[in-house]
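Heads up: the structure comes next, in structure tokens.
The values are calculated or read from the model by the stated rules, or taken from the named source; none is laboratory data. Not measured: the values here are computed from a predicted model. Here the Cβ positions follow ideal geometry from the backbone for every residue, glycine too, while neighbour counts run over all protein chains shown.
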Amino acid sequence: MSEISSKAGAIFIPVSDIRKAREWYCSILGLEPAFDIIAGHLCCIPLDNNGLNLVLDSKIYNEDSYFRNPAFHFNTDDIDKAYYFMKERGVELITAIENGHWFNFKDPDGNMLMICKC
């Protein structure tokens with residue numbers, strides 16, 4: 001048995017403006033943007049009841065720090081509804097729905113992200 005858990009605790013995303021990023025991520029996740037901003041540069045958004053958090057961090061952001069490839073994906077039960085949800089919000093869609101299971105998009109800072117039907 002290892003002293004390190006096989007469970008991830010957080011996903012860090014570099015963002016240029018912590019308040020705007022908190023609003024944007026909460027809006028696409030259907031959450032109220034009531035999460036505290038910590039030390040002026042961090043915002044932890046709980047993603048599940050098992051302790052996984054999305055950590056927005058403006059201190060680690062620079063013009064070369066954004067994700068050029070998806071480092072993770074958000075799950076969906078309905079890929080078509082998720083695609084049109086993002087399209088209606090004016091999110092920059094990078095791909096169409098591929099193989100009926102996933103698509104890529106960018107957040108306002110240019111981070112490449114994915115939504116996947118699992």
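Computed values, structure above
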| item | result |
| --- | --- |
| Scope region 21-46; condition surrounded by 12 or more Cβ atoms within 10 Å (Cβ to Cβ), touching a residue at least 12 places away in the same chain (Cβ under 8 Å) and assigned to a loop (DSSP other than H, G, I, E, B); matching residues | L31, F35, H41 |
| Residue count, region 97-117 (criterion: in a loop (DSSP other than H, G, I, E, B) and free of Cβ contacts under 8 Å to residues at least 24 places away in the same chain) | 4 |
| G90 being part of a loop (DSSP other than H, G, I, E, B), more than 14 Å from the chain's Cα centre (by Cα) and over 16 Å from F12 (Cα atoms) | yes |
| Region 6-27 - residue that is out of contact with any strand residue (DSSP E or B) (no Cβ under 8 Å at 6 or more places or on another chain) and not polar (S, T, N, Q) and, of those, farthest from D57 (Cα to Cα) | K7 |
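Residue by residue, here is whether (1) outside the structural domain of Y25 (by TED's automatic domain parsing); (2) in contact with a Gly (Cβ under 8 Å, 6 or more places away or on another chain); (3) on the phi > 0 side of the Ramachandran plot holds:
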| residue | (1), (2), (3) |
| --- | --- |
| A39 | no, no, yes |
| L47 | no, no, no |
| L52 | no, yes, no |
| D78 | yes, no, no |
| M86 | yes, no, no |
| E92 | yes, no, no |
| F103 | yes, no, no |
| G110 | yes, no, yes |
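Per-residue answers, yes or no, for (1) in a helix (DSSP H, G or I); (2) free of Cβ contacts under 8 Å to residues at least 24 places away in the same chain; (3) under 12 Å from the mean Cα position of the chain (by Cα); (4) closer than 21 Å to D17 by Cα:
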{"site": "S65", "(1), (2), (3), (4)": "no, no, no, yes"}
{"site": "R68", "(1), (2), (3), (4)": "no, no, no, yes"}
{"site": "K81", "(1), (2), (3), (4)": "yes, yes, no, no"}
{"site": "M86", "(1), (2), (3), (4)": "yes, no, no, yes"}
{"site": "T95", "(1), (2), (3), (4)": "no, yes, no, no"}
